[in-house]
Structure formats: C-alpha cells, structure tokens
Amino acid sequence: MPEELYELIDKLEANVCSVVLGKDQTVRMAVVALLAGGHVLIEDAPGLGKTALAKAISKSLGSDFTRLQFTPDLLPSDILGSSIYRPGIGEFEFREGPIFTNVLLADEINRTTPRTQSALLEAMNEQQVSVEGETRILPSPFFVLATQNPFEFEGTYPLPENQLDRFMLCINVGYPSRESERQILASHRDGEPVNTLEAVLDADSVIRLQRAARAVRVEDSINDYLLDLVTATRESDDLTLGVSTRGALTLYRAAQGLALAEKRDFVVPDDIKRLAVPVLAHRVVPNGFARDGQRQRAREVIQFIIEQTPVPS
C-alpha cells in the first residue's frame, strides 16, 4: 500500500483524538467502519461523548455533514425529502432531505418511530433512496453515525434487528480515566474543542482509502476462522438468533478496514478477534434476557465463542 494512505489515516485519527481524549481505541473502531464503507452505532449513557465523537469525525472529513435530531414526530419525508409544488412553473420540484449528505449524524436514533427508522434501511444498505417512485443515488462517501442511550426506555423505540444489522459496528464510549477527564476539563475552559477542528481529509481521500481497504488480502484460513465463529453463534444454546450471512460479510469487510488502519495489506486472526464483539454482538439475540440486559449478555456469549474457537496458525 502507498505510504501516503497510512499517513491520511494517522492524520484523521490524530485529529479526532485531539478532542476525544483518552478514547483512542473507540476512535480506531469508528475509523475502521469508515474505511470499510460501513456505519456506526454509538451506544452509551448520556454525557460520555457520543455526539462529540460523531461531530469530530465529520468535521475531520471536510465533507458535507448533517446532524439530524431524531424525535417521535419525525417523518420519513423529513429525512428523505419530498416534492414541492412551484406555482410559477406549474410543476413539482423535489427538495432533497438531510440524508443527501456525506456524513449523517443520527442523534438519539431510538427516539423516533420504527416507520421513520426504516427510512434509513435502503440508504444504509445500498447508498440510495426510493422516493415517490424514483430511485435517487446518495453522495459518495456516505457514512451514518448514530447515537442512542441504552439505559433509558421512556419514549423510545428499540431498533429492530433488520435496522441494527445495517450498522457495521456497535461501540461504546465508556467513562474516561481520571487523567483523561482532567484534560477534558482543561480543554473545555474556553469553549467546545470540537468546534475548532479543521478538516484533514476530503471526500476523494475517503473514497481512495475505502478502495484500498477492499484490496486488503484475506487468506482462506482467515475466512475459515471467521466462518467458524459465525457458525458457532448459530449453534450456541445461549442464543436464539445467530449471525446472518450479511453479518459474516460485514465482519470480513471490517477486518479489511482494521488491517489497513494497522498499516497492513493483509488480515490476521487478531483482526477478527478484535472485531467480533463490536461487529457481531448487536446481531444476535440471547436466550431469556430482558431488553436492558441483552447487549451485555450478547457480548459475553460472543467473547466466550472467541475463546473456545481455535485460531489458525
């Protein structure tokens, strides 16, 4: 791979980490999804930096960015757009919705109804939308960063499995260390640091990186290891629903992205192991767990499967 591609990734991560302090691995996972052409669901308690992470990535890319606050009264047309009648010319004119952007921050995505959530399905899977009988192509690159609070259920609509399946990674931000939190306090003395970020990449650079990720080699032994993990989720007595074929392909693509971020042109078993939980845990359904405990139990089951599955030498 050309060294300049690795330098672009370093610049992107350094820029984001300059305002999202102490969360280098979380930033790496979000960048991996971008490189692999996927989307990210950031799931954690309020006030831990979910929106700041999404804004930092979007500002670093220097591409078109839209932040959309999801609310119960939001309609599909508020996302996709609609036709407006123009009396002057006697015709309807289509006005594009906020989804026609390079980076979409879907803030508190579980605050809106399933009908509105489903408006994102085609866009996230095929980079196009069907509006009023016409298919419209979205800009490239197209990257969705969604946030949700998994601990609050009043007035929320849990994402159904088919919507969750469109997210390549489901990641947590988590509490910062004491030293990182001290730095955060100091950095906010004069305002919001993320607002001062400047772009370090452009849309063309992102597309180049995504093409490079697709060129990363994956040996047959790695494919077999990946499929062993996927098969184990389908055969597990602890899971009602295992990983789909789309989930297997998503793990494959994410591993290519991680390898590129790690400055390699080939995937190694550790790439699969590092990504298995954030890629697969939100795609499975554990047995006998209430909604608020499902995700943690799913992570535990996936981690157990990783530990029990032989790694190729």
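The values are calculated or read from the model by the stated rules, or taken from the named source; none is laboratory data. As the structure is a computational prediction, the values presented were derived from the model and not from experiment. Cβ sites come from the backbone with ideal geometry, for glycine too, and all protein chains shown count toward neighbours.
Between 66, 101, which is buried (at least 20 other Cβ atoms within 10 Å of the Cβ) and polar (S, T, N, Q)?
101
Working carefully through the options 164, 169, 145, find the one that is within 18 Å of residue 250 (Cβ to Cβ), of a type outside the set (Phe, Trp, Tyr) and in contact with a Cys (Cβ under 9 Å, 6 or more places away or on another chain).
164
Do the conditions hold for residue 258, that is, is it hydrophobic (A, V, I, L, M, F, W, C), buried (at least 21 other Cβ atoms within 10 Å of the Cβ) and under 18 Å from the mean Cα position of the chain (by Cα)?
yes
Can you name the number of the only condition in (1) among the basic types (Lys, Arg); (2) modelled with pLDDT of 90 or more; (3) farther than 24 Å from residue 299 by Cα that residue 86 fails?
In the conditions (1) among the basic types (Lys, Arg); (2) modelled with pLDDT of 90 or more; (3) farther than 24 Å from residue 299 by Cα, residue 86 misses (2) alone.
For the range 227-242, state whether one or more residues are assigned by TED's automatic domain parsing to the domain that holds residue 8 and surrounded by 18 or more Cβ atoms within 10 Å (Cβ to Cβ).
no
Tally the residues that are within 18 Å of residue 225 (Cα to Cα) and within 22 Å of the chain's Cα centre (by Cα), restricting the search to the range 270-305.
15
Might you check whether a residue that is over 24 Å from residue 212 (Cα atoms) and without any contact (Cβ under 8 Å) to a residue 60 or more places away in the chain occurs anywhere in the range 241-249?
Yes, the range 241-249 contains at least one residue that is over 24 Å from residue 212 (Cα atoms) and without any contact (Cβ under 8 Å) to a residue 60 or more places away in the chain.
Considering only residues that are within 22 Å of residue 250 (Cβ to Cβ) and at pLDDT below 95, look in the range 6-26 and name the one that is surrounded by the fewest Cβ atoms within 10 Å (Cβ to Cβ).
If we take residues in the range 6-26 being within 22 Å of residue 250 (Cβ to Cβ) and at pLDDT below 95, then 25 is surrounded by the fewest Cβ atoms within 10 Å (Cβ to Cβ).
Over 16 Å from the mean Cα position of the chain (by Cα) and aliphatic (A, V, I, L, M): does that describe residue 89?
Yes.
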